[in-house]
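K.L.:
Structure provided below as structure tokens; questions to follow.
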Amino acid sequence: MAQLIHDPNGPGEQRYPLRPGINTLGRSRDNSIVIPDSVISRRHAEVELRGRRAFLTDLDSSNHCYVNGALVTHAELADGDEVCFGDICLIYVAADDDKDLESTRVEVWRGPIPGGNVAPERGEAPGPLLVPETSAVDEGGRAGRPSLLRLPDDAGGDREVAKLRALLRASNRLSATTAVQDVIEQALAQLLELVGVDRAAVLMRDLDTGELERCTVRARAGLAADDAFAGRDIAESALVKGGPVLTAEVPGGIRSQGEGGESLHVALCLPLATADSVIGALCVDNLALPAVYSEEETDYLVALAEQIALAIDRAAQVEARVQQARDGGA
């Protein structure tokens, strides 16, 4: 697992694991990495993991960020880099190997499928739920099947550029919508267009209770838009973890039946998080394939979830301003 280490091999050694996606660092307790020191800003910086690559971004901190002594606002990190936040320095350590990436990339849900009041437990999956990138798979998918990603053929064969373009288009479409529910509907439609999953759901936190309550589900043609696969326990586990959580069939587990009696093999839940808060969860599932998702596909879904969260947050702010204007004019 990639991590930041303070005082490595010393008496004050402290390790900070880095999860896929965005890891915020700061003095405030709502950060992924909390360093309660006065030189650290409340939200000082973020480290984003994209597969095997890590990127540091300064969040307008008071005492700045430095990589190997150089002042930076945004930089890609390499294994062994010294990363300083003010005068507090840590060493960035990349994931050791493919096995490490596979075992830590996604937490596996070991409870019944779906839902039930069962707490998540860590453990080995009954089979490989995630595969590292390999040169043997040209399109980034699992060996023996095509990739779930449906990328535009307008990037001259450059797969990374194609993924970025698809994300940008999705972001632009979501940004053009200013009602929260419309954003959610558009987001699910975009997801089903870009990724070969069978069902997708967005669960939103209730502003008063903090619980995941409102659920919107969309499915491919011929499948029921049933929200049973998007278990709230599983989604809450993703929110607590701050990263993707997979369901997996386990001995004695409850098997969820889809249309035509198909067994639900794997569902993936991811947090919908902005810089300030976690607003909900995104869940997807596939009824036909027993061993998804690849690392590339999971990373892509993480990136798409980030864009969806930003669009929902923007729309919520617009709705709040509109309501304030109405209340003021009343």
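The values are calculated or read from the model by the stated rules, or taken from the named source; none is laboratory data. Bear in mind the structure is a predicted one, so any value in this text is a computation, not a measurement. All Cβ positions, glycine included, derive from the backbone under ideal geometry; neighbour counts span all protein chains shown. Side chains are part of the model used for accessible areas, which takes the heavy atoms of the whole protein and leaves out ligands, DNA and RNA. Shrake-Rupley method; radii C 1.70, N 1.55, O 1.52, S 1.80 Å.
K.L.:
Can we say G253 is modelled with pLDDT of 65 or more and open to solvent by less than 50 Å² (accessible area, probe 1.4 Å)?
P.N.:
No: the conditions fail for G253.
K.L.:
To continue, here is another question. Being out of contact with any Cys (no Cβ under 6 Å at 6 or more places or on another chain), modelled with pLDDT under 70 and charged (D, E, K, R) is the filter here, so list the residues in region 220-238 that pass it.
P.N.:
D226
K.L.:
List every residue pair whose Cβ atoms sit under 8 Å apart, with the two residues 6 or more apart in sequence or on different chains, where the first one lies in region 277-293 and is under 22 Å from G242 (Cα atoms) and of a type in the set (F, W, Y) and the second, anywhere, is assigned to a loop (DSSP other than H, G, I, E, B) and at pLDDT 80 or above.
P.N.:
Y293/L148
K.L.:
Another question, if that's okay. Residues in region 186-225 that are aliphatic (A, V, I, L, M), within 24 Å of S147 (Cα to Cα) and part of a strand (DSSP E or B): how many?
P.N.:
Qualifying residue count, region 186-225: 6.
K.L.:
Let me ask you something else. Residues of region 163-185 being of a type in the set (S, T, N, Q) and not in a helix (DSSP H, G or I), which ones? Explain how you work it out, then say what you get.
P.N.:
Looking only at region 163-185, we keep the residues that are of a type in the set (S, T, N, Q), and these are 171-172, 175, 177-178, 181.
If the condition is that a residue be of a type in the set (S, T, N, Q) and not in a helix (DSSP H, G or I), then T177, T178 are the ones that fit.
K.L.:
Mind listing just one residue for me: the one in region 263-288 that is over 27 Å from H44 (Cα atoms) and β-branched (V, I, T) and, of those, modelled with the highest pLDDT?
P.N.:
V284
K.L.:
Moving to a separate point now. What about V197, is it at pLDDT below 90, under 15 Å from C283 (Cβ atoms) and buried (at least 21 other Cβ atoms within 10 Å of the Cβ)?
P.N.:
yes
K.L.:
Still on this structure: Go through A315, A291 for me and flag whichever is more than 15 Å from the chain's Cα centre (by Cα), at pLDDT below 85 and small (G, A, S).
P.N.:
Of A315, A291, the one residue that is more than 15 Å from the chain's Cα centre (by Cα), at pLDDT below 85 and small (G, A, S) is A291.
K.L.:
Every residue in region 147-186 that is among the polar types (S, T, N, Q), open to solvent by 60 Å² or more (accessible area, probe 1.4 Å) and over 23 Å from D198 (Cα atoms), please.
P.N.:
N172, T178
K.L.:
Right, something else. Enumerate the strands (runs of 3 or more DSSP E) found wholly within region 1-101, keeping only those where 3 or more residues are open to solvent by 60 Å² or more (accessible area, probe 1.4 Å).
P.N.:
Passing ranges, in order: 14-17.
K.L.:
Right, something else. G260 passes all but one of (1) open to solvent by 30 Å² or more (accessible area, probe 1.4 Å); (2) modelled with pLDDT of 80 or more; (3) not charged (D, E, K, R); which number fails?
P.N.:
(2)
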